[in-house]
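One structure is given below, encoded as structure tokens.
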Amino acid sequence: MSLFDQVLVDMNGLTYFLDLSLQEEFFGNVGKSFTLDLIKEIEMKRPSWDEVAGHGLETMVLSDTQMSDAISLMTKRKGLGICDAGLLILCRDTGLPLITEDKKMISEMEREGWQRVPIPDVVGMMMKEGIISHEKACHIFDLLDSTILKKRYDCSAYLEKYSEKSPEDVVLEESPAYAECLSMSSEREEVVVMVRLETSSEYSGV
């Protein structure tokens with residue numbers, strides 16, 4: 001199951017995935033990932049374009065109308081660069097979620113109601129889907145909380161949120177069929193252990 005069918009990622013999102021050693025896990029578990037072509041031309045330093053393109057990252061190009069809208073947004077919202085504004089226009093027009101931790105971009109997205117995915121949510125989703133271990137998720141949340149996104153999020157709440165069992169899991173575990181399946185599995189394990197013990201007792205040492 002993909003984390004996202006399609007998703008937009010900005011430059012700082014790409015850098016966070018690199019710093020958190022999550023590039024392979026992220027790009028290997030999304031359908032398609034995109035960034036703005038201008039980021040490739042203007043901002044891409046770390047990680048390099050070749051590195052992220054090797055993971056499947058693609059670029060989107062602004063139309064003339066979208067470029068005009070991006071320039072207008074950039075001049076209206078102080079602190080937004082052309083790459084920031086361009087990605088926001090893509091997010092607006094495509095309806096795709098955007099992974100960013102840029103505060104100026106976040107403010108605009110919240111103002112307009114555009115869909116953003118915070119980095120802690122991405123980490124939590126990976127843990128819940130079994131893409132990364134609970135232990136690795138805990139380590140990453142510690143890093144986010146202490147240094148990378150210091151005090152911006154309550155990472156312990158994210159860990160608790162994504163560690164919770166879904167209603168479907170609870171119903172399944174409470175069902176008689178689930179209990180019977182566990183019982184049968186336990187019986188099979190006991191048989192295997194007994195067979196192994198009997199086999200080892202026949203060994204004469206010769």
Regarding N12, is this residue of a type in the set (S, T, N, Q) and under 17 Å from E101 (Cα atoms)? yes
Filtered residue count, the range 24-71, keeping only those that are over 17 Å from M11 (Cα atoms), of a type outside the set (D, E), open to solvent by 40 Å² or more (accessible area, probe 1.4 Å) and in contact with a helix residue (DSSP H, G or I) (Cβ under 8 Å, 6 or more places away or on another chain): 3
Kindly evaluate M109 against the criterion of being in contact (Cβ under 8 Å) with a residue 40 or more places away in the chain and in contact with a helix residue (DSSP H, G or I) (Cβ under 9 Å, 6 or more places away or on another chain). no
Pull up the range 133-165, narrow it to residues that are charged (D, E, K, R) and outside any helix (DSSP H, G or I), then point me to the one that is most open to solvent (accessible area, probe 1.4 Å). K151
Of the residues that sit in the range 75-115 and are open to solvent by 60 Å² or more (accessible area, probe 1.4 Å) and either touching a Leu at 6+ places or on another chain (Cβ under 6 Å) or not in a helix (DSSP H, G or I) (or both), which one is nearest to E24 (Cα to Cα)? Q115
G130: passes all of (1) without any contact (Cβ under 8 Å) to a residue 24 or more places away in the chain; (2) buried (at least 16 other Cβ atoms within 10 Å of the Cβ) but (2)
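The values are calculated or read from the model by the stated rules, or taken from the named source; none is laboratory data. Remember, it's a predicted structure, so these values are computed and weren't measured experimentally. Don't worry about glycine lacking a Cβ; one is built from the backbone with ideal geometry, like all the others, and counts go over all protein chains shown. In case anyone asks, the SASA skips ligands and DNA or RNA and just uses the protein heavy atoms, side chains included. Shrake-Rupley method; radii C 1.70, N 1.55, O 1.52, S 1.80 Å.
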